[in-house]
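Here is the structure we will look at, set down as structure tokens.
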Amino acid sequence: MDTECVTVTSFVLEQKKKYPGASGELTILLNALLTAIKACAAAVRKAGIAKLYGLAGSSNTTGDDQKKLDVLANELFINMLKSSYTVYAMASEENENLIEVEVPKQGKYVICFDPLDGSSNIDCLVTIGSIFGIWKKPENAKTPLECILQSGENVRCAGYAVYGSACMLVLATKDGVNGFTLDPSIGEFILTAPNMQMPQLGAKGSQRIYSINEGYARNWDKATTEYVHAKKFPEGKDKPFANRYVGSMVADVHRTLLYGGVFMYPATKEAKDGKIRLLYESIPMSYVVEKAGGASSNGQHSILKIQPEKIHQRSPIFLGYKEEIEKIEKLYEKYP
Ligand code: AHG
Ligand code: MN
Ligand code: MN
Ligand code: MN
């Protein structure tokens, strides 16, 4: 055991030193979030034994069939965050309406989360995750909903947990992106990937990967169709891009962050805004990728510029290499 290791708590306390007036509430919030994430990681690990596979028998506002682990993870997040006395209101994929915190427990932060992302992959043991975005409650907000519907430009911090061969927390703030791996023997997240930066396309070790559900190709618009074709049948001496698609956004985006590439969930003829939800999937993941030197887009501009109108609003999303996102936006200009 490295006796000099840096935990998330000591890391965040260190960061807090840069903001003398800071109250320490964000540290407490993040610790509550970590407790929920550790509990989710434990539940995911024993799901098969604890009969936590399969459907819960209900569906959520966006029409997803809720898995038992979706419901368990959601309850863990809500309860841990409420009892941290740092949250004013929250929004979850699994709750139709926003969740207000009772007055005595209210704090100054707002959090939107996807408690379990990629839940269609739970029963077959494929990597899943949790996603979160944290904002400050605006002073002049008139309603709790106004506090929730904030754009990515106001994010205070955002990130995700990956429940894969290891459990990793990726945390992005305006100072950068840092990765922490859970050491289950001590129940602490240890700083293992300081200052994460996406590889630059063409740099040593960068990979040419496009990540999209090819099963919807018949319903793609012209821009996405032309872009994907160019990845598979590049002109000149360029090598084709490989295709990797897990079907858990956290897994696909985490790989994009580490290896490089482009993740895409475009609009289709059937789903004019695509599937990925803006507040608790697109904004947090775009914030992480942009802080790590990549780019995000809805086809026109950065995801972080979108002003959310509804809690469960969807948006087309393209994430990854800056140059590739620019090519996609040019194609959407060509085929508006
Ligand atoms: P969730 O499990 O939180 O509902 O999210 C599932 C999302 C996302 O994780 C993934 O990128 C996408 O659904 C996969 O959708 P398709 O199966 O349509 O490709
Ligand atoms: Mn779902
Ligand atoms: Mn999700
Ligand atoms: Mn989910």
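The values are calculated or read from the model by the stated rules, or taken from the named source; none is laboratory data. No experiment lies behind these values; they were computed from the predicted model shown. Glycine also receives a Cβ, built like all others from the backbone with ideal geometry; neighbour counts cover every protein chain displayed. Quick note on the areas: whole protein, heavy atoms, side chains included, nothing else; ligands and nucleic acids left out. Shrake-Rupley method; radii C 1.70, N 1.55, O 1.52, S 1.80 Å.
Some values worked out for this structure:
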read-out	value
Within the chain, helix-based [θ] at 222 nm, where runs of 4 or more DSSP H residues each add -39,500 (n - 2.57), nearest 500	-9000 deg cm²/dmol
Helix runs (DSSP H) in the chain reaching 20 Å along axis by Cα, Kyte-Doolittle at least -0.5	25-46, 68-82
The chain, dipole about Cα centre (Lys/Arg Cβ +1, Asp/Glu Cβ -1), debye to the nearest 20	440 debye
Rg over Rh, two decimals, the chain (C-alpha only, Kirkwood Rh)	0.96
For the stretch 245-311, radius of gyration divided by Kirkwood radius, i.e. Rg to Rh on alpha-carbons	0.94
Under 5 Å, built H, 5+ apart or other chain: amide partners of PHE189	VAL8, ASP183
Percent antiparallel among DSSP beta bridges (both partners in the stretch 209-334, rounded to 5)	70 percent
Cubic angstrom per residue, convex hull over Cα atoms of the stretch 185-244	168 Å³
Check: the stretch 107-230 dipole with +1 on Lys, Arg Cβ and -1 on Asp, Glu Cβ, in debye	320 debye
Relative contact order of the chain, defined on C-alpha pairs under 8 angstrom at six or more residues apart (%)	15 percent
Percentage relative contact order, the stretch 8-195, counting C-alpha pairs under 8 Å, at least six apart	15 percent
Whichever lysines have a C-alpha closer than 29 Å to that of LYS204, once near sequence neighbours (fewer than 8 apart) are set aside	LYS174, LYS231, LYS232, LYS237, LYS239, LYS291, LYS322, LYS327, LYS330
Other-chain or far-sequence residues with amide H under 5 Å of ALA242's (modelled H)	ARG208, ILE209, TYR210
For the stretch 196-322, Kirkwood radius (reciprocal of mean inverse C-alpha pair distance, Å)	14.8 Å
Shape category assigned to the stretch 8-195 from the gyration tensor of Cα positions, a/c cut at 1.5	oblate
Normalised per residue, the volume of the convex hull around the Cα set of the stretch 28-79 (Å³)	77 Å³
Of LYS108/LYS269; LYS222/LYS305; LYS46/LYS136; LYS46/LYS310, those spanning more than 29 Å from alpha-carbon to alpha-carbon	LYS108/LYS269; LYS46/LYS136; LYS46/LYS310
Cα-centred dipole magnitude for the stretch 209-334, charges only on beta-carbon of K, R (+1) and D, E (-1), debye, nearest 20	160 debye
GNM flexibility winner over the chain from LYS108, LYS237, LYS142 (Cα, springs under 10 Å)	LYS237
Antiparallel bridge percentage (DSSP; both residues within the stretch 8-195; nearest 5)	90 percent
Gap separating the Cα centres of the stretch 233-249 and the stretch 302-336, nearest whole Å	19 Å
Accessible-area composition of the chain, carbon plus sulfur, in percent [1.4 Å probe]	53 percent
Dipole of the stretch 209-334, positive direction: furthest Cα of ILE306, ALA223, PHE233, with charges on the beta-carbon	PHE233
